[in-house]
1. Got a number for residues in the stretch 192-236 being over 18 Å from residue 90 (Cα atoms) and β-branched (Val, Ile, Thr)?
2. Which residue pairs have Cβ atoms closer than 9 Å, lie 6 or more positions apart in sequence or on different chains, and pair a first residue in the stretch 359-387 that is on the phi > 0 side of the Ramachandran plot and in the same structural domain as residue 310 (by TED's automatic domain parsing) with a second residue that is modelled with pLDDT of 95 or more and near the ligand (Cβ under 8 Å from one of its atoms)?
3. Given (1) in contact with a strand residue (DSSP E or B) (Cβ under 9 Å, 6 or more places away or on another chain); (2) more than 15 Å from the ligand (Cβ to nearest atom), identify the lone condition not met by residue 361.
4. Would you confirm whether any residue within the stretch 119-131 is surrounded by fewer than 23 Cβ atoms within 10 Å (Cβ to Cβ), away from the ligand (no atom under 12 Å from the Cβ) and either more than 30 Å from residue 365 (Cβ to Cβ) or not assigned by TED's automatic domain parsing to the domain that holds residue 97 (or both)?
5. Checking the conditions here, which among 265, 310, 242 is outside any helix (DSSP H, G or I) and either under 30 Å from residue 377 (Cα atoms) or touching a strand residue (DSSP E or B) at 6+ places or on another chain (Cβ under 7 Å) (or both)?
6. Within the stretch 156-168, how many residues turn out to be in contact with a Lys or Arg (Cβ under 9 Å, 6 or more places away or on another chain) and part of a strand (DSSP E or B)?
7. Mind checking which residues of the stretch 208-227 are more than 13 Å from residue 189 (Cα to Cα) and among the β-branched types (Val, Ile, Thr)?
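The values are calculated or read from the model by the stated rules, or taken from the named source; none is laboratory data. Just so you know, these numbers come straight off a predicted model, no measurement behind them. All Cβ positions, even for glycine, are placed from backbone atoms using ideal geometry, and neighbour counts span all protein chains on display.
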Amino acid sequence: MDFGLDPDQLAVRDSVRTFARAELAPGYLTRAKSTVFPWDVHRRIADLGVYGLLAGPEHNPLDREDFVAAGLAIEELAYADFNLANVAIPVLLMSSLIRAHGSPRVKDEWLAPLVAGEVYVAFGLTEPETGSDAAAITTTATVDGDSYVLSGEKTSVTMLANAQGMIVAARTVRGGAAVGVSAFLVPLDSPGVDKSDIPDTGWKIMGRGVLHLDGVRVPADALLGPEGSAFGTVLNGFDFTRPLLALTGIGCAQSTLDLTAEYVRNRQAFGSPLSRFEGVSFPLAEHLTTLEAARLLCYSALWKRTAGERHTAEAAMTKWYGPLMASRAVKDCLLLHGNYGYSEEFSLEQRLRDVMAVEIADGTAQIQKIIIARERYGKDFLPYERR
Ligand SMILES: Cc1cc2nc3c(=O)[nH]c(=O)nc-3n(C[C@H](O)[C@H](O)[C@H](O)COP(=O)(O)OP(=O)(O)OC[C@H]3O[C@@H](n4cnc5c(N)ncnc54)[C@H](O)[C@@H]3O)c2cc1C
């Protein structure tokens, strides 16, 4: 068993670390309070090659697809700016979906500008009436000649306000009969598209929004993969986005622990630095340990992904455990800052509000536990009959 990183992985980690700690970390708090998306910063991250890591040989700075390298890049971004790391994950997912399942036209039009940070493609699965139970979506894509006509509503869409395109999951209807859920790349300037914003407690630079689709017509080649295959293609992508999301929490929590260690080293109480009290140092030690465990779970899942091994349960484990441990660590760090931790002048309360998002996005803890039990013990452990 080898836990080492190879030279390519080290190069990705070190180049992102150097850039992110120098260029991104100082601006995190200011950016995090704003709803204006920093396109200039986004393009600089694109210039590092991060967005091309899963986009195929033409765009990948490495000579192979390496999910561990993607994880290292995401963790390093999150150490400096949690939100920017979460901007990057949909780019990795969308580019890998387009590369693997897009038609030649969709690839030509979207892949290069997406990877260059010039456009953004959001992802719409969740609907007002259904999130965890994704198979119950009601948005339809009705076949009409050479086109699909989409109608319905998607909610909780990350980056919707800033996106030019969106991969939409919709129930396909052909000749009056439903033929499964398919994924389509929908340009957001299409007639019949309308958007509105959701005001959020954190995650602000990305924002979330509601997308209304009222008879939106897309050509047949907007379909990604075969008709009815969206759960195969998209949910397969969740198996790597879940460890990546967990790593954003872990990166953010790690940097919060590191800055808290500095704080308690310098803050005095009862004639001594806070760091000398076990009530202060032990929580730090405990969080360092749980974060390391969560981190290893993530890289193990990403290693399996790269190796082509099944890793659905491991991905779900990372997504339950990593965000939970991250939120707990950030909250304890806030408390260890005393009254300063609660102030908007410091980053602690912002970090807590931001990091909690990954306990929900891409599926809650309960849903991950359902997946883990199903993967290990079978369908008798599902809360429903398989549809
Ligand atoms: C910051 C953020 C970003 C997001 N970005 C996107 C995006 O870009 N695109 C997108 O499509 N969606 C996105 N989402 C939506 C996210 O995927 C859903 O919120 C999530 O899957 C939960 O669905 P829901 O909100 O409808 O909650 P529900 O499904 O209504 O669940 C509510 C609660 O009930 C629990 N619950 C539900 N079913 C069960 C069960 N069987 N057993 C036990 N407990 C259960 C859930 O765990 C949860 O705690 C985002 C969400 C957030 C918070």
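1. Total satisfying the criteria: 5.
2. Filtered contacts from the stretch 359-387: 363/131; 363/132.
3. Of the numbered conditions (1) in contact with a strand residue (DSSP E or B) (Cβ under 9 Å, 6 or more places away or on another chain); (2) more than 15 Å from the ligand (Cβ to nearest atom), the odd one out for residue 361 is (2).
4. Quick first cut of the stretch 119-131, residues surrounded by fewer than 23 Cβ atoms within 10 Å (Cβ to Cβ) only: 119, 126-131.
Add one more test, that the residue is away from the ligand (no atom under 12 Å from the Cβ), and what stays is 119.
Adding the requirement that they be either more than 30 Å from residue 365 (Cβ to Cβ) or not assigned by TED's automatic domain parsing to the domain that holds residue 97 (or both) leaves 119.
Taking every residue of the stretch 119-131 in turn, at least one turns out to be surrounded by fewer than 23 Cβ atoms within 10 Å (Cβ to Cβ), away from the ligand (no atom under 12 Å from the Cβ) and either more than 30 Å from residue 365 (Cβ to Cβ) or not assigned by TED's automatic domain parsing to the domain that holds residue 97 (or both).
5. On the way: 265 fails: outside any helix (DSSP H, G or I); 242 fails: outside any helix (DSSP H, G or I).
Of the residues listed, the single one that is outside any helix (DSSP H, G or I) and either under 30 Å from residue 377 (Cα atoms) or touching a strand residue (DSSP E or B) at 6+ places or on another chain (Cβ under 7 Å) (or both) is 310.
6. Adding up the residues that qualify gives 5.
7. Answer for the stretch 208-227, where residues must be more than 13 Å from residue 189 (Cα to Cα) and among the β-branched types (Val, Ile, Thr): just 210.
A quick yes/no check of all residues on (1) at pLDDT 95 or above; (2) within 30 Å of residue 49 (Cα to Cα); (3) part of a strand (DSSP E or B):
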{"residue": "114", "(1), (2), (3)": "yes, yes, no"}
{"residue": "118", "(1), (2), (3)": "yes, yes, no"}
{"residue": "123", "(1), (2), (3)": "yes, yes, yes"}
{"residue": "141", "(1), (2), (3)": "yes, no, yes"}
{"residue": "150", "(1), (2), (3)": "yes, no, yes"}
{"residue": "154", "(1), (2), (3)": "yes, no, yes"}
{"residue": "170", "(1), (2), (3)": "yes, no, yes"}
